[in-house]
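Worksheet: one structure, shown below.
The values are calculated or read from the model by the stated rules, or taken from the named source; none is laboratory data. What you see is a predicted model, and the numbers here were worked out from it, not measured in a lab. Neighbour counts are summed over all protein chains in view; Cβ atoms, including those assigned to glycine, are modelled from backbone coordinates with ideal geometry.
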């Protein structure tokens, strides 16, 4: 069958190096599902690898995208019950393509009650938030979030409250986020208010940071040595320098935890995540045709964005633009 994918053959800015390419899909291998994609989100975790930040573990040419939801169109004998079902085709091929092959044992069935627009975003940010809260418990603690308007921080803040956090503060760049954070029980803090940021850093027990750069440096310099700083992203694109008097700093990379999750533990994690997601507030979704992927990337980069752009594979013109073999 013919398949169109967003591929990159060199590292660089996604808008420059991504290209739609069409080729025949290789035969389905044993133990694999074939999934017709429905929706796939645009995340920082999709775009950063394209720039070459993780080139040591990426073989070119590559297909972009790490998550999304689709419908099973072919399955091995022991997974025939999944035919026609919605699944998250994870930890296999890139998801920014019409058809994805993934290991049947790692595909996550989507409950009937979960909307497709929510299911498409149920992997990277929800699993990262769930894992971080397991690794760094928040009960009875003051929690400070950076990039608080982002999808991962929104879930961290809501789920931290469920787990008994004493207070949750959220640092945001755009004032458009303040009211929605407040409605979630997260106390909004303007990033420009440096004095308030420092004073809250001084009383916080846990900081979950997704920005790095100058903000991370400011927070670390004000924190107590008994507190902990968890860095799970560098959205600013800038590093920070650690000093001896800083509190303990922990790097969190979701990929580093995959090997410790057996297929059974992997499936069990999502059985906990689905009801949490269904009961949480999350960003609205904006659907853009897969053929208009450049518009989706531009939409993602909008300052103060409160929605998540999703590539919609159910519409659009999939004309041939080369081959990704």
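Only one entry in 216, 222, 285, 227 is in contact with a helix residue (DSSP H, G or I) (Cβ under 6 Å, 6 or more places away or on another chain), surrounded by 13 or more Cβ atoms within 10 Å (Cβ to Cβ) and closer than 19 Å to residue 146 by Cα, namely 222. Residues in the stretch 252-264 that are at pLDDT below 95 and surrounded by fewer than 11 Cβ atoms within 10 Å (Cβ to Cβ): 256, 259, 260, 262.
Applying the criterion of at least 3 residues that are touching a residue at least 60 places away in the same chain (Cβ under 8 Å) to the strands (runs of 3 or more DSSP E) found wholly in the stretch 161-258 leaves 206-209.
The residues of the stretch 110-135 that are more than 18 Å from residue 284 (Cα to Cα) and surrounded by fewer than 17 Cβ atoms within 10 Å (Cβ to Cβ), listed by number, are 111, 112, 134, 135.
Every residue, every condition in (1) closer than 22 Å to residue 290 by Cβ; (2) in contact with a helix residue (DSSP H, G or I) (Cβ under 9 Å, 6 or more places away or on another chain); (3) at pLDDT 95 or above, yes or no:
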| residue | (1), (2), (3) |
| --- | --- |
| 53 | no, no, no |
| 64 | yes, yes, yes |
| 84 | yes, no, yes |
| 98 | yes, yes, yes |
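Of all residues in the stretch 66-81, count the ones that are more than 22 Å from residue 118 (Cβ to Cβ) and in contact with a helix residue (DSSP H, G or I) (Cβ under 8 Å, 6 or more places away or on another chain). Summing the residues that are more than 22 Å from residue 118 (Cβ to Cβ) and in contact with a helix residue (DSSP H, G or I) (Cβ under 8 Å, 6 or more places away or on another chain) in the stretch 66-81 gives 4. Give the residues of the stretch 266-290 that are modelled with pLDDT under 95 and outside any loop (DSSP other than H, G, I, E, B), sorted by residue number. Once the filter is applied, which keeps residues that are modelled with pLDDT under 95 and outside any loop (DSSP other than H, G, I, E, B), the stretch 266-290 yields only 284.
Pull up the stretch 66-78, narrow it to residues that are part of a strand (DSSP E or B) and within 22 Å of the chain's Cα centre (by Cα), then point me to the one that is surrounded by the fewest Cβ atoms within 10 Å (Cβ to Cβ). Per the criteria, the residue is 71. Inspect all residues belonging to the stretch 48-65 and state whether any of them is touching a strand residue (DSSP E or B) at 6+ places or on another chain (Cβ under 9 Å), within 18 Å of residue 118 (Cα to Cα) and surrounded by 15 or more Cβ atoms within 10 Å (Cβ to Cβ). Taking every residue of the stretch 48-65 in turn, at least one turns out to be touching a strand residue (DSSP E or B) at 6+ places or on another chain (Cβ under 9 Å), within 18 Å of residue 118 (Cα to Cα) and surrounded by 15 or more Cβ atoms within 10 Å (Cβ to Cβ). In the condition set (1) touching a strand residue (DSSP E or B) at 6+ places or on another chain (Cβ under 6 Å); (2) at pLDDT 95 or above; (3) under 30 Å from residue 315 (Cβ atoms), residue 181 is compliant with all but (3). Candidates are the residues of the stretch 241-251 that are in contact with a helix residue (DSSP H, G or I) (Cβ under 9 Å, 6 or more places away or on another chain) and under 20 Å from residue 153 (Cα atoms); the one that is surrounded by the most Cβ atoms within 10 Å (Cβ to Cβ) is 249.
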